[in-house]
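The values are calculated or read from the model by the stated rules, or taken from the named source; none is laboratory data. In this text the structure is predicted, and so the values were computed from the model without any measurement. Cβ placement follows ideal geometry from the backbone for every residue including glycine, while neighbour counts extend to all protein chains displayed. We work out accessible area using only protein heavy atoms, side chains counted, and drop any ligands, DNA or RNA first. Shrake-Rupley method; radii C 1.70, N 1.55, O 1.52, S 1.80 Å.
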Amino acid sequence: MLKKLLALAAVASIGTTGAIYAPSFDYQVGSLPASTSLDVKARDLSLVCPGGLYQSGGASGTKLGSFVSVGTPELASQFNGLVGTELVESDGVYTVVDPAGVATQGSALLNVGQIQLGKTSSISGLAGTACQRPSSDIWLSGGDTTTGHEALLILRNPTAVDATVDLEIFTEGGAIDAAGLNGISVVAGKVTVLPLASLVPRSSGFVTHVSAKGGAVAAWVQQRNVNGLTAVGVDYISPSAPAAKESVVPGIFIRGVALAKKLADADEAYADLVTTVRFFNPGTSVATVTAQIMGSNSKTFGTVIQQDVKPGAMVDVPLTELADGDYVALVNSNTDVLVSVRLPRVVTGSAPDFTWLASADLSLTERKITVPASGLTKLCTYNLVTKEIRVTRVTPNATLTIPASTEQVAAVLIVDINGAVTNLPVLDQKNLSGKVSVSVH
């Protein structure tokens, strides 16, 4: 009863004295300083190469958990710096030193790629990649850890700050839960090599998400295949373009379909010598994907794929009906997806090889890429407006230009050396500058 009386008294008091307002503390002494807009210079552009292919077991090939870089890759690069800029190279890290910030960043300023023909007892094939601008967020769509398939995650930290890396790995069943995914140390200026079979064993397909804190990193998956004691292909899985509702994968140059079928019929270990599209859905709802595989001319018949992909999962779709020819994959989805293509290469007189094609950069800016000195190289482009596919053999050591345009153009270089194959994506990598509003008190 006493509590009720006190409550009534409090209400009566409020009613007689008027409304009660919370106190305001919005005071100002003097005038606020005007903000100043400052131009912030972009960080100097650095492109990082993976270096020589990694051999498991150390130099002897028998030391468990040891990985040693073998061989020397062939580099293809061009630097077009203005007066006042300088290119500095240190152990495969190319940096444009630009104190005054006078250079416009991108591939017209610096482009670097590497290829390497593996010729050891355990590594056979051609591996290539564009050297990367370090990042804190990288998606790698590709990889296989079933019997005879080795996937090594290569993490390189070119900065002066130690990096801590967390991984997410997604299979057909969704995200995996495994010890060792988080808190991976990548020391400043060093490389960490991680066998993905320790995290996702006996998996025929997965997608890897790399998140870095501290220093930014470059990342690749080195995929190597063997059949018994015979090495049958190697390549780098390079970072994918961001997930999108519309993606393009050019450069699907299919060769040796009949020979691949003959090998697979004789030995099931060769069953993966089929061009395969990998879809990954990073979203929270089902992705309904349609992929049109277009031939480069009227004599090359393509196909159409329709596939539902569960949230947080990936799906592989073999292209078993395609004949030898040059193709481009055009992918549309109701939600953002990542797309990649595993392209095998089988020719008479050479061990099988393969390359992993990532979805292409579709930027509208000018892009440049330098052709390797070795091998037979072709440029494949697809114009999203005109729907035109072009396949052009290009000159070794030449620097090619995809002009700036209002029309999106997907492009890739396909490199062939004696039946071994790889690809170099055409990118326009840059650090961004901008304006910052600053108030000084």
Evaluate the Kirkwood expression for the hydrodynamic radius of segment 180-249, namely the inverse of the mean inverse distance over all pairs of different C-alpha atoms, and round to one decimal in Å. 14.9
Going by average Cβ neighbours within 10 Å, how do the peptides 178-189, 232-243, 118-129 rank, with the highest at the top? 232-243, 118-129, 178-189
Could you tell me whether segment 355-404 comes out rounded, prolate or oblate from its Cα gyration tensor? Rule is a ≥ b ≥ c as square roots of the eigenvalues, rounded for a/c under 1.5, then prolate if a/b exceeds b/c, otherwise oblate. prolate
So, with a 1.4 angstrom probe, what is the percent of accessible area on segment 200-259 that is carbon and sulfur? 58
Using the 4.7 Å Cβ rule, please list in number order the cysteines from the chain without any candidate partner. 380
Under the 0.36 nm per residue contour assumption, what length would be gained going from the current alpha-carbon distance of residue 97 and residue 364 to full extension? 93.5 nm
Dmax and Rg, reported as Rg then Dmax, of the chain (C-alpha, Å): 26.8, 102
Net charge contributed by nearby residues that have their C-beta within less than 14 Å of residue 408 (K/R +1, D/E -1): -3
Quick one: divide the alpha-carbon radius of gyration of segment 42-134 by 2.2 N^0.38 Å and tell me what you get. 1.33
May I ask you to give the solvent-accessible area per residue for the chain, in square angstrom, as obtained with a 1.4 angstrom probe? 48
Given the options 338, 263, 47, state which has the largest fluctuation in a GNM of the chain using a 10 Å cut-off (strictly under) for Cα springs. 263
In degrees rounded to 10, the 0-90 angle between helix 257-266 Cα long axis and the longest Cα principal axis of the chain is 80
Return a whole-number percent for the relative contact order of the chain, with Cα pairs under 8 Å and 6 or more residues apart as the contact set. 18
Going by alpha carbons, how many degrees (0 to 90, nearest 10) lie between the helix axis of 2-17 and the longest principal axis of the chain? 80
Show which aspartates and glutamates lie in cross-link reach of residue 119 when reach means a straight Cα distance below 16 angstrom and same-chain residues fewer than eight apart are skipped. 74, 235, 353, 416
Using the Cβ atoms and a cut-off under 15 Å, what net charge is assigned to the surroundings of residue 391, where Lys and Arg are +1 and Asp and Glu are -1? +2
Within segment 337-441, what whole-number % of the accessible surface is contributed by carbon and sulfur, with the 1.4 Å probe and all protein chains included in the calculation? 53
For every other residue with a beta carbon closer than 13 angstrom to the beta carbon of residue 87, add +1 if it is Lys or Arg and -1 if Asp or Glu, then tell me the sum. -4
Sorted by packing (mean other beta-carbon atoms within 10 Å per residue), highest first, where do 217-225, 372-380 land? 217-225, 372-380
Segment 302-417: spread of alpha-carbon positions along the three principal axes, whole Å, largest first, is 45, 44, 25
For segment 95-194, just the Cα atoms, rotate onto the principal axes and tell me the three extents in Å, largest first. 52, 35, 25
Mind ranking 342-350, 390-398 by how tightly packed they are, going by the mean number of other C-beta atoms within 10 angstrom, highest first? 342-350, 390-398
